[in-house]
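Reviewing the structure listed below.
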Amino acid sequence: MNVLIIGGGGREHALAWKTACSKQVSQVFVAPGNAGTQLERKVQNVAIGAEDIDALVDFALENKVELTIVGPEAPLTMGIVDRFEEHGLTCFGPNRSAARLEGSKDFTKQFLERHGIATARYRTFDDAADAKRYIDEAGAPIVVKADGLAAGKGVVVAESTEEACRAVDDMLQHNRFGAAGHRVVIEECLQGEEASFICLVDGDDILPMAASQDHKRALDDDRGPNTGGMGAYSPAPIVDAEMEQTIMARIFRPTVRGLLEEGIHYTGFLYAGLMITPQGVPEVLEFNCRMGDPETQPVMMRLRTDLVDLIVAAVQGKLGSVSATWDARAAVGVVAAAGGYPGSYSSGSVIRGIEHQGSAHSKVFHAGTSLSDTGEIITAGGRVLCVTALADSIAAARNDAYESIGTISFEKMHYRSDIGARALGELN
Ligand code: AMP
Ligand code: GLY
């Protein structure tokens, strides 16, 4: 079978690698991919952007692609699944209507409220003066979110009302996130411990992936600005078997049932960003309509089942008849970013020490990389790569990941030195 993976980040490298491991797959195409996917066995890059849906449809038709897996949210919210299906192509991911769970925070908050699913109290505004009046009444800390997609950067957890008002001005007055920020959701700041929980959904049945957790802030000790994610680990100790049951009963089942009641058939990965309150109650911070990046990297390292079997079952509505098995070991992934990320950064630096990496227990997943004309691996994005290691404990996997990343270098490379610390009880 020929499989097409859409996207070019670390998540897509991990999905492409895992897909290529499947015996039923003869060829994996990645559009546009990165240097890591280009160098992977059975994998070939295709020079088409992830949002160029017409060209992707043509490519899939011409190359007898039987299954397309969509990595990032943007093409999903643009309706790539609907478009592929119009041409009789199988595309794994939520359709445009279902992808609103990520594409509009206001839609999601209203949905959660309608179905009695726990989430922070909120109000939605498109007028800055009204928003600021509300902030003054509610007080700080308070959270300001751009309604639409903002590459993981549209959330400000404000410690003061001044900071919250500045965020409102940035989004509503200064066009910081374009149209995505012309409406803002302002919500109560929840306390507790965060966990990511990702499931496969076939419209009706739900298959949980191994629990994982990412580190969103740029700097050690969870300081600095929010990023797409600077590292991740799996399992997440806070999500034990009992918490998993609670998350399924209180969040995932009511969500999938609620969607069906509203006529929305959700097929794809569904990612819930959760805050587990000190009383042990999971509340929804956000939904994403895709796998997480970098959570995918450690999660795919631990998946022992054929990923393509699971996805084909989901596409056929037969998720109830399959199960996933997981490596009992822990996986930790550490992201190396370009200097300046999540702000502006430069590209084109040669990455040294990366050629000889990788073993049965560790893997460098590329993100923002490309091959230069002379065949060197160079930086081409903010998050450059994610070194992921598998070992008997989170502490051991973390040591292995840091040992590997220590031998890789590029100009102005930076990475956090404390990925996994929360799981080990070192961060409060
Ligand atoms: P989101 O993109 O909605 O997950 O937000 C990014 C990050 O902001 C989350 O991972 C949390 O750390 C934080 N966050 C979002 N919403 C809230 C909230 N209501 N209370 C506290 N922290 C939040
Ligand atoms: N790591 C967070 C995300 O993928 O949204």
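Below is a table of values for the structure above.
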quantity	calculated
Helix-only CD estimate at 222 nm, as mean residue ellipticity for the chain, using -39500 (n - 2.57) per DSSP H run (n ≥ 4)	-7500 deg cm²/dmol
Charge dipole of the stretch 184-330 about the Cα centre (unit charges at C-beta), most positive-ward option of Gly268, Ala324, Ile186	Ala324
Residue among Asp400, Asp205, Asp54 with the largest mean-square fluctuation in a Gaussian network model of the chain, springs linking Cα atoms under 10 Å	Asp54
Per residue solvent-accessible surface (Å²) - the chain, probe of 1.4 Å	40
Once the Cα gyration tensor of the stretch 154-260 is diagonalised, semi-axes √(5λ) in Å	30, 19, 13
Apportionment of accessible area to carbon and sulfur, the stretch 142-235, percent (1.4 Å)	44
Cα-projected label distance for Glu403 with Ala129, points at 7 Å along beta-carbon direction, nm	6.4
Candidate lysines - alpha carbon under 19 Å from Lys18, same-chain residues fewer than 8 apart omitted	Lys42, Lys363
Charge dipole magnitude, Cβ of K and R +1, D and E -1 - the stretch 141-267, Cα centre, debye nearest 20	400
With every protein chain in place, the stretch 1-115: carbon and sulfur % of accessible area (1.4 Å)	44
Qualifying trypsin sites (Lys or Arg not before Pro) in the stretch 217-311, DSSP loop, other Cβ atoms within 10 Å at most 15	Arg304
16 Å cut-off, amide nitrogen to a point 7 angstrom out along Ser359 Cα→Cβ, residues in the stretch 399-428	399-408
Accessible-area composition of the stretch 280-428, carbon plus sulfur, in percent [1.4 Å probe]	45
Under the Karplus curve 6.51 cos²θ - 1.76 cosθ + 1.60, θ = phi - 60°, whole-Hz ³J(HN,Hα) for the stretch 203-216, x wherever Gly or Pro sits	x, 9, 7, 9, 10, x, 7, 4, 5, 8, 8, 10, 10, 7
Equivalent ellipsoid semi-axes - Cα gyration tensor, the chain, angstrom	31, 26, 22
Cβ-defined net charge surrounding Glu51, 12 Å radius [Lys, Arg +1; Asp, Glu -1]	-2
Scattering profile of the stretch 37-171 at q = 0.15, 0.18 Å⁻¹ [log10 I(q)/I(0), Debye over alpha-carbon scatterers]	-0.82, -0.98
Simple label model, 7 Å out from Cα along Cβ direction - Ala151 to Thr374, nm	2.9
Relative intensity, log₁₀ I(q)/I(0), of the stretch 189-346 from a Debye sum that treats every alpha carbon as a point, q = 0.10, 0.15 Å⁻¹	-0.38, -0.84
Rough spin-label spacing in nm, given labels placed 7 Å along Cα→Cβ, for His115 and Asp392	4.2
Contour excess over end-to-end distance, with Cα ends at His265 and Glu242 and 0.36 nm allotted per residue	5.5 nm
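The values are calculated or read from the model by the stated rules, or taken from the named source; none is laboratory data. This one's a predicted model, so the numbers in the text were calculated from it and none came from an experiment. FYI the Cβ positions are ideal-geometry reconstructions off the backbone, even for glycines, and counts take in every protein chain you see. Remember, those area values only see protein heavy atoms, side chains included, never the ligands or the DNA or RNA. Shrake-Rupley method; radii C 1.70, N 1.55, O 1.52, S 1.80 Å.
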